[in-house]
Structures are given as C-alpha cells and as structure tokens.
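Have a look at the structure below before the remarks.
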Amino acid sequence: MSIPKTMSGVYLMGHGGPEVLEWREDIPVPVPGPGQVLVRVAAAGVNNTDINTRVGWYSSDVTGATDAVDQDVEAGGWGGALAFPRIQGGDLCGIVKAVGTSTGFKPGQRVTCPINLPRPRPGNPTGFIALGSEIDGAFAQYCLLAADDLYDVSDSPLSDAEIAAIPCAFGTAENLLTRSGVSAGHKVLITGASGGVGLAAVQLAALRGASVWGVTSAAKADVVKSQGATETFDRGALLPQDMFDVVIDVVGGPAWPGLILALKPGGNYAVSGAIAGPIVQADLRDIYLRDITIHGCTHQAFEVFGRLVELMNSGRIRPLISKTYALREIGQAQEDFQSKTLPGKLVLVP
C-alpha cells in the first residue's frame, strides 16, 4: 500500500491569532515505528482547547477569558512551552493506513483515540500528553499514534464526522460525570450547555438516569432540551440555592459563586474549563461549612474512554454537529466556533 512522502495540513507556527495557522502542502508524512500506527485522518473536530492553545491561554500569565487574550505568551500549551511548528487537532476519526511491528492493528480499520493520552511517570501517576499539543494531531491528512492509544470503531453506526466529534467533548463530559459520581436520581446543573462538552454532558448525564438542567441562551434552550435536559436557565440568571447534587462547569468566570451556592450541602462541583475566565472569587465558608467537594478534571482513567467506545459502537450516543468544513477553512471554522452562534460541534474534513 503506497504512502505519499508529503501531505497537506495546518501548522501552528506560534501563539497568536488566526494568522499563526499556516496551510502547508509539503509536510512530511511520518513513518510508523514499532508499536506505532499511521492513520489517514477522515475527520477532525474543532475544540476550545485548540483555540486556547493557539492563543496561549493555558499560560499562568493569562487571567482573562479565552477571547480576551491580547498578550505575548511563551509557555501557553497544556504542559508549558510547545515545540513549533505543531499540528493541532485533538479530535480524531481515521483509517489505519500503515502499521509498525507489534500493534494489533491492520490497514483499513477505523479508529479513534482520546485527546488526553496517559503517560504516567514517577511522581506523577496521572501524567499525560495531549494530542495536538505535546504531539502532532489530526489537522493534517495523516497522524502518527501509539497503538496503545487507539480504539477500533469500525463497526460503529456513527459517521466519520460524528466519531470525530466525540473524543474531546464526550471524553471531557464523561470524565466530569465520573469524577463527580453522577448517577440515577441526581439533579445535575451543566454550564455552557449548548457547547460541545455541555451538550455531551447533558446527553451522558440523562443516559445515567439523572435529571439535568442546563445554563444556556434562550435561543439554544430547545437544543439543550432535545439532548435530554429537563429545563434550562438563561446565562446570567440568578440560580436557585441548595438544589443540585452536582454542578458540571466548563465556564467559570464571574458566575462561579452562584454555582457553589446552587449545590446542596454535600454536593459535588466538577470543572474542566473556564472560557469566561479562570480567576474566580470564592467564599470558603460556602464550601467547607456546606461540605462541598471540588473536582478538577483533566486526567482520564482508561475506563472513561473505554465506556465511550462501547457507546459509540452500540450507537447509544450521537453528537450534534452543526457544520463541517474543509480542513483548509480552519480559520473560518474557529471564528464560527468562537462566535458561539452554532450549538454542538464543528468538524473539519481533510
């Protein structure tokens, strides 16, 4: 099976605006070594983390919202400084093109993988690297991955675009629900409920038998309810106090104190994003006197993504995709993503 020497894709040349994304047609195609798999990218999802990384939002020097970064940043990746150029793209659906030795995969299989790739090391048992951050990702025609990170989804009834919309959003959502212990009968409040992670959390929490409320705009309330929410609150609305067993938060920002007060005593707050701003004001008495547990959620145990693969292969989950784009249109796709006018996921197709 012939493999081209070069491929098309998008290089991230540094931190900044869309101008640091460079379309190239001369990127060397990587060659799989032992335990590695070369995957032809069939589709790649657009995520907030791609934009966060591009603008350098993960730097501790940045204290504002994702769309308010206006400073030069040196170490703005998940794990600090990035090596440029970098191929981003943490959401992958692809077809195995070539394999190294000892992989267990064969050409033609359809595969996907989590965005958080476990890499435990001494002193850091929850260590990981991120696809599209520490290693090259899916914003190109081909992607090289370790076989141990891949999952077979050849038999899934979902389309390539739908599978590519799952790893980051649904992986993050399932991890938040798992860490906060969401189960049948719980009342769950989800912020950013019309976004990729938010809609995934709504769908997955309802699948667990929880009653779900989402925070969203009035224009997207029906979309959130269609994914399993009982009711919604407008953004900026005063939330009821002592109502929820669990709060799932990907927004942060000024509304944060109200989220803590919305929890019942003994409730669980889980966070995996802060698009409205990472710096929040807290009254610690509202936390410790009410026995609130806070979960910071990035590391994903193997069983978290394993459950998602089972749900993908059985067709029990299906992401909402608002629009697809050619990979070369990544700038427009990210602009549309940041506008927050389209619910659910946006997907790039090489």
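The values are calculated or read from the model by the stated rules, or taken from the named source; none is laboratory data. Everything quoted here is computed from the prediction, not taken from an experiment. Don't worry about glycine lacking a Cβ; one is built from the backbone with ideal geometry, like all the others, and counts go over all protein chains shown. The accessibility values were calculated without ligands, DNA or RNA, using every heavy atom of the protein model including side chains. Shrake-Rupley method; radii C 1.70, N 1.55, O 1.52, S 1.80 Å.
Select the strands (runs of 3 or more DSSP E) contained entirely in the range 270-349, then report the ones holding at least 3 residues which are among the hydrophobic types (A, V, I, L, M, F, W, C).
It comes to 345-349.
Do you know which residues across the range 298-308 are over 12 Å from residue 169 (Cα atoms), touching a strand residue (DSSP E or B) at 6+ places or on another chain (Cβ under 8 Å) and buried (at least 20 other Cβ atoms within 10 Å of the Cβ)?
Residue satisfying the conditions is 300 alone.
Quick check on the range 28-80: of everything there that is in a loop (DSSP other than H, G, I, E, B) and in contact with a Cys (Cβ under 9 Å, 6 or more places away or on another chain), which residue is surrounded by the fewest Cβ atoms within 10 Å (Cβ to Cβ)?
Looking at the filtered set, the residue picked out is 30.
Checking residue 148 against (1) closer than 28 Å to residue 6 by Cβ; (2) open to solvent by less than 50 Å² (accessible area, probe 1.4 Å); (3) among the acidic types (Asp, Glu): exactly one of these is not met. Which one?
Tallying (1) closer than 28 Å to residue 6 by Cβ; (2) open to solvent by less than 50 Å² (accessible area, probe 1.4 Å); (3) among the acidic types (Asp, Glu), residue 148 fails exactly one: (2).
Tell me whether the range 300-314 contains one or more residues that are charged (D, E, K, R) and under 25 Å from residue 247 (Cα atoms).
yes
Within the range 81-126, work out how many residues are open to solvent by less than 60 Å² (accessible area, probe 1.4 Å), farther than 28 Å from residue 196 by Cα and not basic (Lys, Arg).
Total meeting the criteria: 7.
At pLDDT below 95, open to solvent by less than 50 Å² (accessible area, probe 1.4 Å) and of a type outside the set (S, T, N, Q): is that true of residue 277 in this structure?
Criteria met by residue 277.
Which residue is farthest from residue 297 (Cα to Cα), if the candidates are limited to the range 84-131 and must be free of Cβ contacts under 8 Å to residues at least 12 places away in the same chain and assigned to a strand (DSSP E or B)?
The extreme case among them is 121.
Residue by residue, here is whether (1) within 21 Å of residue 347 (Cβ to Cβ); (2) modelled with pLDDT of 95 or more holds:
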{"position": "95", "(1), (2)": "yes, yes"}
{"position": "102", "(1), (2)": "no, no"}
{"position": "105", "(1), (2)": "no, yes"}
{"position": "108", "(1), (2)": "no, yes"}
{"position": "112", "(1), (2)": "yes, yes"}
{"position": "120", "(1), (2)": "no, no"}
{"position": "130", "(1), (2)": "yes, no"}
{"position": "161", "(1), (2)": "yes, yes"}
{"position": "176", "(1), (2)": "no, yes"}
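Within the range 5-15, track down each residue that is over 17 Å from residue 333 (Cβ atoms) and either surrounded by fewer than 22 Cβ atoms within 10 Å (Cβ to Cβ) or modelled with pLDDT of 95 or more (or both).
5, 6, 7, 13, 14
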